[in-house]
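Asker: Structure in structure tokens, see below.
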Amino acid sequence: MTGTVEHGELDAALRRCGSSWNASQAHGLVCSRLALCGADALDSWLPQVLEDPDPDVVLQQECAAQLRQLHDDTHRQLAERGSEFTLLLPDENESAAIRTEAMAQWCEGFLNGLVVRVQGDPLKKRLSSEPLNDIIRDMLEISRAAVDDDADDEATEAAFAEVYEYLRVVAQLVYEELVEFRRPATVRGNASKQVH
């Protein structure tokens, strides 16, 4: 659970709306969009997840309301840089295989959010430097993760918890590392002029 939005409820709402995104993917996507755009992420993220939202359709209105709440909760958690930030994944009563698949999909969404808009040279350069390039490489690896059917349950849960905590921390790190891209271009320009 992330803030007031529950994974299962949002997942079901997205299916009812006909979205090709699931709850974990959508949350990964909004995390990286927030890192790049701040609160303005909502304007591009919501239509991307809902895929041509129709404001007259009640189901889409309900889904959009949950997505707006998820955006707001996640933005607050990332901006406050506290320990409250969590990934939106199925709860612990689901199997390790289902939760691992959702975590892989969360990474897919996060990576998608970093490349979804046209990237200028400064952003490309930043994403290809440390620590972001290592984080991106790790997330690509995690996006292919699956649970071995023969794996020991206790070892699987321990590995899941370790990767989950890593992702929780690096999502916050990416948010902090990309702060300069959340500022308006004029502010960035003025700051660089003052340095020279």
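Asker: Please report VAL57, VAL174 as a ranked list, fewest other C-beta atoms within 10 angstrom at the top and most at the bottom.
Answerer: Going from sparsest to densest Cβ surroundings: VAL57, VAL174.
Asker: Mean separation of Cα pairs under 8 Å and 6+ residues apart, divided by the residue count of segment 1-138: what relative contact order is that in percent?
Answerer: 37
Asker: Tell me, what is the FRET efficiency for ALA96 and GLU176 to the nearest 0.05, using R0 = 30 angstrom and their Cβ-Cβ distance as r?
Answerer: Here the calculated transfer efficiency is 0.50.
Asker: Based on other C-beta atoms within 10 Å, arrange SER44, SER95 from fewest to most.
Answerer: SER95, SER44
Asker: Please say if segment 1-121 is rounded, prolate or oblate, where rounded means a/c under 1.5 for a ≥ b ≥ c the square roots of the C-alpha gyration tensor eigenvalues, and otherwise the choice is prolate for a/b larger than b/c and oblate otherwise?
Answerer: Rounded shape, in that the Cα axes give a/c under 1.5.
Asker: Only counting other Cβ atoms within 10 Å, I'd like LEU36, LEU46 sorted with the fewest neighbours first.
Answerer: Least to most surrounded, the residues fall as LEU46, LEU36.
Asker: Using r as the Cβ-Cβ distance of GLU80 and ASP43, and R0 as 25 Å, what FRET efficiency do you calculate, to the nearest 0.05?
Answerer: Computed FRET efficiency for GLU80 and ASP43: 0.70.
Asker: Roughly speaking, what is the stretch gain from ASP138 to LYS124, that is 0.36 nm per residue apart minus the C-alpha to C-alpha distance, in nm to one decimal?
Answerer: 3.3 nm is the gain from fully extending ASP138 to LYS124.
Each value in this text was obtained by applying a stated rule to the coordinates, not by laboratory testing. Bear in mind the structure is a predicted one, so any value in this text is a computation, not a measurement. Ideal geometry is used to build each Cβ from the backbone, glycine not excepted, and the neighbour counts take in all protein chains shown.
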